[in-house]
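Read through the structure below, which is laid out as structure tokens, and then see the notes.
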Amino acid sequence: MATDKQHQKWDATRLPDQTGRTAVVTGANSGIGLRAAQALAGAGAHVVFAVRDPERGEAAARTVNGSTEVRRLDLADLSSVREFAAAWDRPLDLLVNNAGVMMIPQQQTADGFEMQFGTNHLGHFALTNLLLPHLTDRVVTVSSGAHRWGDQRIHFEDLNMTSAYDPRGVYGQSKLANLLFVLELQRRLAESGSAVRALAAHPGYSATNLQSHAASPVARVFMKFGNRFLAQDDSAGALPTLYAATQDLPGASYVGPDGLGEMRGAPTLVGRSAAASDPDVARRLWTASEELTGTRFPQSVGTRG
């Protein structure tokens, strides 16, 4: 017989009514982004699929029971980010910074940034700042337990990792950057008196196509095995994102699974590394990101009612 504790586990059936709300989900064409989009739209939200390939986005949107639209967004190209933001002309309740790349071979974005740092962090940094004047509720950025990988530091002396490229360590740096971004964004929002909150989430170990592009053949084999036998499915992986997107949580909260090692389970508030909690490093990363992207925290953001 199920225990009372099991009955209390949060899942997508407990999503509050989202009628009248608008959400942008980056990378909504597959994986946890698609599952989050499906759940939000199913609860009544109008969900914008912000995707690099509109054709794939349209195909994904057709699987959703609810109100959707598809707009092109390539986070690896700042001109695309600016174009997406410039076309936005109405209030936006929720921005989910979900899209990303993982442990890929060394590549550069259209602007010459290392691809993982440029896509996972800088693209979302620019998008968020450009959309903030329209935001009314919250920004949820998807990080990862991988923020604890490697030497757990931001390589300010070589952000593009030109001297030594390690796909795993570089991915870890990008996920650490996600958490530092949320920390400093929330500080700035609070300081400005904004009603908008910045939160982070991670999916645990979830089976998606993200792992299939790893640079190392050994890593691809290991993750294929893990996806099949160890991971939770992408619907479960989307629950921390949905929890962060809809529950009344403090700014800068971090949500992940409640199971062993935060690998799987129901969403709950989780901790982060000391490196991801350093306000001085967060400010320094923000300044560097402003310089690299040419975007700034806006003067006009939603204020407390």
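A few remarks follow.
- Each residue in the stretch 161-173 was checked for being more than 13 Å from N120 (Cβ to Cβ) and at pLDDT 90 or above, and 4 pass.
- Against the list (1) in contact (Cβ under 8 Å) with a residue 24 or more places away in the chain; (2) under 30 Å from S273 (Cα atoms), the condition G66 fails is (2).
- Boolean, R90 is surrounded by fewer than 17 Cβ atoms within 10 Å (Cβ to Cβ), charged (D, E, K, R) and outside any loop (DSSP other than H, G, I, E, B): no
- Flag for E69 being in a strand (DSSP E or B), open to solvent by 20 Å² or more (accessible area, probe 1.4 Å) and modelled with pLDDT of 95 or more: yes
- Annotation note: of V170, V139, the sole residue that is open to solvent by less than 10 Å² (accessible area, probe 1.4 Å) and part of a strand (DSSP E or B) is V139.
- Taken over the stretch 49-79, residues that are within 29 Å of R14 (Cα to Cα), touching a helix residue (DSSP H, G or I) at 6+ places or on another chain (Cβ under 9 Å) and not charged (D, E, K, R) amount to 12.
- Scanning the stretch 100-118 for residues that are in a loop (DSSP other than H, G, I, E, B) and among the hydrophobic types (A, V, I, L, M, F, W, C) gives V101, M102, M103, I104, A110, F113.
- Enumeration of residues in the stretch 142-167 that are open to solvent by 20 Å² or more (accessible area, probe 1.4 Å), more than 17 Å from the chain's Cα centre (by Cα), under 27 Å from L189 (Cα atoms) and not aromatic (F, W, Y): Q152, R153, H155, L159
- Among the numbered conditions (1) assigned to a loop (DSSP other than H, G, I, E, B); (2) touching a residue at least 60 places away in the same chain (Cβ under 8 Å), the only one that D151 does not meet is (2).
- Of the residues making up the stretch 105-136, those that are open to solvent by 10 Å² or more (accessible area, probe 1.4 Å) and of a type outside the set (S, T, Y) number 12.
- Within the stretch 72-87, tally of residues that are assigned to a loop (DSSP other than H, G, I, E, B) and either under 18 Å from the mean Cα position of the chain (by Cα) or at pLDDT below 95 (or both): 5
The values are calculated or read from the model by the stated rules, or taken from the named source; none is laboratory data. This one's a predicted model, so the numbers in the text were calculated from it and none came from an experiment. For neighbour counting, all protein chains shown are included, and Cβ atoms are generated from backbone atoms with ideal geometry for every residue, glycine included. We work out accessible area using only protein heavy atoms, side chains counted, and drop any ligands, DNA or RNA first. Shrake-Rupley method; radii C 1.70, N 1.55, O 1.52, S 1.80 Å.
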